Amino acid sequence: MSGLDTSAPIDVAQRDHVVSRARFWRLKSFARDRGALVSAVLLATVVAAVVFAPIVAGVSPDVADNLARYAPMGTAGHPLGTDQQGRDMLARLLYGGRVSMLIGVVPTVTAGIIGLGLGLVAGYWRGLVDQIIMRCLDVVFAFPMVLLAIAIAGSMRPGVLTEMIAITIVLIPYFARLARTATEGVVPMPFIEAARAAGGTRSSIMMRYVLPNVFSPVVVYATTLIGLMIVVGSGLSFLGLGVQPPTADWGAMVADGRVVLRRAPHVTILPGCAILLVSLAFNFLGDGIRDALDPRTLRR
């Protein structure tokens, strides 16, 4: 009995050591990826700036000054200049970043949760349940992502909520298919068979054993999609199907600035560069997270 009593704590300690070591190597692998690390710092800076926009900007993004119209970058009181209505570009960029980040993150997370649930059920239950879920989602797959988002947004009243609903709907099938594929790879594993033999129910096995193994690829995929959804949301605003004036949004700012591109190019270039940098940062961050979670990277 004494041998059994002393072996259990050792096994637990060894298991905790292995888990802690794996986490350490994942963090170390992520830190070695300069692109992912720089992207994480950039995104943290952007998030902090847009959250504290009233403090950083100091002025409202909707206050117009007709005497300061088309002010160039570096103007006193307007470090990034003003637009065609004399509104401060720094304030509009920061407040517009709030809307753009919201449109990129919220629909992606929402679609990821819904798609993860659908893919998990379809991949584990298979049979008729799988056929019903995936055939319904294939209807959405029949249309290009951007065109379907435009069609959905065009059928509703323009606004931020419309953009988020349209993007959420078009993303659900992509997450569901990824989750279903990952679930199909986990279900035949020996530990799933052991859980079934131990009397585990379908719901408990899915939540305790399948979900943790499917969650990581979904998170990585969601991270890479956020940047793309910021671009899609900006495109909807550019077309007039999303954020409406005078609300600041990077896509709407690009649309407004194109009519004065020759006279005040900074009105279009600044929000365009913001969209580009943030979307690229999310892509590099997703690549870094994927590499950090890849078991092959840990073995190397």
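Mind jotting down the three principal axis lengths of the chain based on Cα atoms? Whole angstrom, largest first.
87, 45, 29
Order these by the 10 Å Cβ neighbour count, fewest first: Glu163, Glu193, Glu184.
Values: Glu163 32, Glu193 11, Glu184 16.
Fewest-to-most ranking of Glu163, Glu193, Glu184: Glu193, Glu184, Glu163.
Counting other C-beta atoms within 10 Å, and keeping those with at most 16, which DSSP coil trypsin sites (Lys or Arg not before Pro) do you find in the range 76-166?
On the way: sites: Arg87, Arg92, Arg98, Arg126, Arg135; in loops: Arg87, Arg126.
Answer by residue number: Arg126.
Under the definition of Cα pairs under 8 Å and six or more residues apart, what whole-number percent is the relative contact order of the chain?
Details: 410 pairs, mean separation 73.4, N = 300.
With pairs under 8 Å counted, the relative contact order is 24 percent.
Pop a pseudo-label 7 angstrom from the Cα along the beta-carbon direction at both Ile132 and Ala151 and give the gap in nm to one decimal.
For Ile132 paired with Ala151, the spin-label model returns 2.5 nm.
Angle check, please: helix 211-238 long axis (alpha carbons) against the longest principal axis of the chain (alpha carbons), in degrees 0 to 90, nearest 10.
Helix 211-238 sits at roughly 10 degrees to that axis.
Would you mind estimating how fast the range 143-280 diffuses translationally, via Stokes-Einstein at 4 °C and 1.567 mPa s with the Kirkwood radius over Cα pairs, in µm²/s? Intermediate results must be reported in sequence, preceding the final value.
Numbers: Rh = 17.6 Å.
Here the translational diffusion coefficient equals 74 µm²/s.
Counting only Cα, what are the radius of gyration and maximum Cα-Cα distance Dmax of the range 115-170, in Å?
Here Rg and the maximum Cα pair distance are 13.7, 40 Å.
Taking the simple approach of a point 7 Å from Cα along Cα-to-Cβ for both Phe215 and Met73, what is their distance in nm?
Taking the two extended label points, one gets 4.3 nm.
Between Thr75 and residues 5 or more places away or on another chain, which pairs have amide H atoms under 5 Å apart, with H built 1.01 Å from N, and which residues are they?
Counting only residues 5 or more places away or on other chains, the set is Gly81.
So what is the orientation-averaged projected area of the range 143-183, using the convex hull of its C-alpha atoms, in nm²? Walk me through the numbers before you get to the answer.
On the way: hull surface 12.0 nm².
The number I arrive at for the range 143-183 is 3.0 nm².
Where does the chain land at 222 nm, in deg cm²/dmol rounded to the nearest 500, when only DSSP H runs of n ≥ 4 count, each adding -39500 (n - 2.57), divided by all residues?
Working: 13 runs with 224 residues, N = 300.
Roughly -25000 deg cm²/dmol at 222 nm, from the helical runs in the chain.
Exposure proxy check: Ser237, Ser204 ranked by fewest other beta carbons within 10 Å?
Details: Ser237 28, Ser204 11.
Exposure proxy ranking, most exposed first: Ser204, Ser237.
Here, each number is a calculation from the coordinates, and none is a lab measurement. In this text, all values refer to a predicted model and were calculated from it rather than measured experimentally. Don't worry about glycine lacking a Cβ; one is built from the backbone with ideal geometry, like all the others, and counts go over all protein chains shown.
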